[in-house]
1. Would you be able to tell me the number of residues in the range 165-189 that are more than 19 Å from residue 116 (Cα to Cα) and in a strand (DSSP E or B)?
2. Would you confirm whether or not the range 109-121 contains a residue that is in contact (Cβ under 8 Å) with a residue 12 or more places away in the chain and in a loop (DSSP other than H, G, I, E, B)?
3. Taking the criterion of being among the polar types (S, T, N, Q), under 27 Å from residue 86 (Cβ atoms) and free of Cβ contacts under 8 Å to residues at least 60 places away in the same chain, would at least one residue in the range 144-162 satisfy it?
4. Between 79, 94, which is out of contact with any Ser or Thr (no Cβ under 7 Å at 6 or more places or on another chain), surrounded by 15 or more Cβ atoms within 10 Å (Cβ to Cβ) and at pLDDT 95 or above?
5. Condition first: exposed (fewer than 13 other Cβ atoms within 10 Å of the Cβ) and either assigned to a strand (DSSP E or B) or among the small types (Gly, Ala, Ser) (or both). Now tell me which residues in the range 124-164 satisfy that.
6. All but one of (1) out of contact with any strand residue (DSSP E or B) (no Cβ under 7 Å at 6 or more places or on another chain); (2) on the phi > 0 side of the Ramachandran plot hold for residue 166, so report the exception by its number.
7. Give the residues of the range 30-63 that are assigned to a helix (DSSP H, G or I) and at pLDDT below 50, sorted by residue number.
Amino acid sequence: MTDQKPTRLSRKVGQIGLAIIAALAVVIALASPAYANLPHFKASSVSLATGSSAATRSAASSAGASAQLPDLLFTWTEVGVGNTDVNYLLSTDVTATFGCVNGGGKHPSATNKTTVTASAHSTVTLKVKNGQITASVILDTSTVFPTGFACPGGQTLVALSATFTHNMITDETNGVTATDEDISVTLWP
């Protein structure tokens, strides 16, 4: 019978195996808390802000006419954000048509209208409560306005229609984004 002494090679393989197992144990132990703080949007939506002047005005008379677009209301719940305040970027791409309305509340069929395409965005920092944030924030769209366009005398500039696309809530702190549906609205008959 031969004497079975471990060779240097078999000892090294055993040591490497133990080192790999120890490293895996450390990785697993450190990864568990990270999974508890996995930020993601549980719910998100965007709608016209009901208090905005353009969304609630009466289209029946030219006295209620407005060149202002409706603001957007972003609502969301994000979970797994940990305990640090979170910076959000709210953004939309707006394509709006503006035109002229006469004193009788009619939009003449002339070519006195223009379309503007621009982005609107805003940032907000919110406090975390129990690892999550639930919020409703209004995005002001008043920056989208035609420049260098004027109505003839006796006519008033109004927003005729608008489309809001790429409606996004971005958690800039954790690098997570939620994209919501497009919104199209007719603001003047």
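The values are calculated or read from the model by the stated rules, or taken from the named source; none is laboratory data. Fair warning: this is a prediction, and the values are worked out from it, not measured in the lab. Here Cβ is always computed from backbone atoms with ideal geometry, including for glycine, and neighbour counts include all displayed protein chains.
1. 9
2. yes
3. So far as the range 144-162 goes, no, none of its residues is among the polar types (S, T, N, Q), under 27 Å from residue 86 (Cβ atoms) and free of Cβ contacts under 8 Å to residues at least 60 places away in the same chain.
4. 79
5. Matches in the range 124-164: 125, 129, 136, 148, 150, 153, 154.
6. (1)
7. Looking only at the range 30-63, we keep the residues that are assigned to a helix (DSSP H, G or I), and these are 30-36, 53-56, 62-63.
Scanning the range 30-63 gives 31, 32, 33, 34, 35, 53, 54, 55, 56, 62, 63.
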